Amino acid sequence: MSQNKSNPWTWIPSLYLAEGLPYVAVMTISVIMYKRMGISNADIALYTSWLYLPWVIKPFWSPFVDILKTKRWWIVTMQLLIGAGFGGIALTIPVPFFFQATLAFFWLMAFSSATHDIAADGFYMLGLDTNQQAAYVGIRSTFYRIATIMGQGILIILAGFLETTTGREPVNITVNASPKYEQSVLQLNDSLTFTELEGELRFVTDNAVLQMSTQTRNKDSVKLFIEAVKAENQENGFTLKEEKGTVQEKKESAWTTHVSKPFGTWIKENFGEKRNVEQSDKAGNVVIVSVRLSKKPDVGKEIILNTSLNRGDKSISLIHGERLAFNETNWNKAAYLLFQLDPKLNMDSSAEYKGLSGNIPLAWSITFFVLAGLFLLFSFYHKIFLPRPELAHHSTLTAKGILQEFGMTFASFFRKPQILAALFFMLTFRFSEAQLLKLINPFLLDSLDKGGLGLTTGTVGFVYGTVGIIGLMLGGIIGGIIASKGGLRKWLWPMTLSMLLTSVTFLYLSFTQTDNLLIINTCVFIEQFGYGFGFTAYMLYLIYFSDGEHKTAHYAICTGFMALGMMIPGMFAGWLQEQLGYNHFFIWVMICSVIPIIAVSLLKIAPDYGKAKKET
């Protein structure tokens, strides 16, 4: 039998774009949409967090994907279902019960997407030989990340553009910060009223260009002022009133009293970094700008102003007033937007914020219709261009046979050769990295007296949003190319060491606490490149171990153990850093690198796996 061959470039990029987009839609785009639609932060956090569940439990139904139908059928069908889910979201956004309805479709899409992930990863192993799997592992990761960037960037920009074109003239507010500016007075002009203005209904601001001093302010004064601004907006109906329950003192659990607190004290006294941390009573400077309508809107009509960062330094943040509601009763009163500087910002900087008042339901409906259409195209495209490997076959099992096969699939995974060494590797290869990952951003942001680098929010966003992504992608692509030349066994140790030892860059940064951005960017690039390069070996081993009968289900089980290996170390990393301090924590991370090295030394890999073979 001959195998239907297709150039991997015709389907791998599109397949992993289709794998990444639903995930970012469920986990990120949904949060932004619900925020724009006026859902409370508490409800957004609660209900969208549960949407991650299908990806956590997907190994439990992965055998069905392996047993029933073909991987190709699952991919095409799930892409149609994902498209239907996006279409359902688009259709239910304008309805009064949109929150419940769209959540139901997000659930449908989450399960469809998790199932699509199982089939796509299984098809990747089925449609490529071992050398191609090694060569394209970096490409698939790159296009998955491109999907993430596309979802968080292009689609949000599209929704914003539609809000702009369907509403009134946008409100543009520029905030300039400089140490040369004089400190302003924190004062609210409450009880302001205005008369109607001629012309079309529009928003009017008291000051479109704000000047803020980078000098810090007293923390208590800033806190009182922020509370006063929030109270004023709530009193006038521009924002929802926050219901505050009675505050009760939290009692320590038995675990805290008898285990974590005494154990943490022992660690801190014997291994903790000796650093005198002074509690600062200073906070970043704040400033307000008022917004109102030029005339009274129609009775019963509510006009929403959504304001967000358009461009500029993220160290200048909008901390209150992102969503303001105007109606016939409060149109002539001042609604306040409250901006605050990062207290570490000490140089000239600026940011531009844009307030949009368009038809928000329409804008987001169109955005999700675009996604629905895109997945219909994905489905038809992959129906044509996905190869038809000869190993894919339709199942003729009975219901009883399917259940037996389901149990055998799980049992066969744990009967694989070297299963104990493989599980130890899956759970511990990322043991040090999982801890490091949780503390990188806090380390970069924390002040010098706390052991951090004292960078501003905007600087950290630039470092990881540009230099870090470039290093990560280059490392992944180069890792895949090199692995396909020499095979997994040859490059396993170099890749493992590159992933583990590049974390020494943060050990260096924690001891020097340099403010040289060139050095910081270089260290981040090295660390991210090493991670991308080394992670190739991890992914290839999961593919290698899953090979054989039921490879799709076995790979899904492997990724479940991978997630567990990331979750457990990350749970205690923050607590441990608080006991040790950054210097000693990064030393601990380097010590933890011994465990993955032991795990790798226990593996036995075929010498030619992933290596290019000469055709005869």
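The values are calculated or read from the model by the stated rules, or taken from the named source; none is laboratory data. Quantities reported herein were computed from a predicted structural model and do not represent experimental measurements. Cβ: placed from backbone, ideal geometry, glycine included. Neighbour counts: every protein chain shown. Protein only, heavy atoms only, side chains kept; ligands, DNA and RNA dropped before computing areas. Shrake-Rupley method; radii C 1.70, N 1.55, O 1.52, S 1.80 Å.
Things worth noting here:
- Any hit, segment 53-75, residues being outside any loop (DSSP other than H, G, I, E, B) and more than 23 Å from H550 (Cβ to Cβ): yes
- Selected residue [in a helix (DSSP H, G or I), of a type in the set (F, W, Y) and surrounded by fewer than 16 Cβ atoms within 10 Å (Cβ to Cβ)] from F143, F161: F161
- Only listed residue being over 19 Å from W491 (Cβ atoms), part of a helix (DSSP H, G or I), open to solvent by less than 20 Å² (accessible area, probe 1.4 Å) and among the aliphatic types (A, V, I, L, M), chosen from A563, A537, A599, A573: A573
- Residues that are at pLDDT below 85, in a helix (DSSP H, G or I) and within 21 Å of F431 (Cβ to Cβ) are absent from segment 509-529.
- From the list I93, I67, the one residue that fits, being under 30 Å from L309 (Cα atoms), buried (at least 18 other Cβ atoms within 10 Å of the Cβ) and touching a residue at least 12 places away in the same chain (Cβ under 8 Å), is I93.
- Enumeration of residues in segment 296-348 that are outside any loop (DSSP other than H, G, I, E, B), closer than 21 Å to F161 by Cα and either within 25 Å of the chain's Cα centre (by Cα) or free of Cβ contacts under 8 Å to residues at least 12 places away in the same chain (or both): N306, T307, S308, L309, N310, R311, G312, L318, R323
- Screening P170, P179 for residues that are more than 30 Å from W491 (Cα to Cα) and surrounded by fewer than 17 Cβ atoms within 10 Å (Cβ to Cβ) leaves exactly one candidate, P179.
- Applying the condition of being of a type in the set (S, T, N, Q) and outside any helix (DSSP H, G or I) to segment 349-368 and asking which residue is farthest from S315 (Cα to Cα) yields N359.
- Residue that is farther than 22 Å from L377 by Cβ, assigned to a helix (DSSP H, G or I), aliphatic (A, V, I, L, M) and at pLDDT 90 or above, where the choices are L108, L103: L103
- Of all residues in segment 75-90, those that are open to solvent by less than 40 Å² (accessible area, probe 1.4 Å) and either closer than 12 Å to H116 by Cβ or more than 26 Å from the chain's Cα centre (by Cα) (or both) total 8.
- Residue pairs whose Cβ atoms lie under 8 Å apart, sitting 6 or more positions apart in sequence or on different chains, and linking a residue in segment 492-520 that is open to solvent by less than 50 Å² (accessible area, probe 1.4 Å) to a partner that is among the acidic types (D, E), are M499/E433; L500/E433; T502/E527; S503/E433; S503/E527; T505/E527; F506/E527.
- Members of segment 157-182 that are touching a helix residue (DSSP H, G or I) at 6+ places or on another chain (Cβ under 6 Å) and among the aliphatic types (A, V, I, L, M): L158, A159, L162
- Residue tally, condition open to solvent by less than 20 Å² (accessible area, probe 1.4 Å) and polar (S, T, N, Q), over segment 277-333: 7
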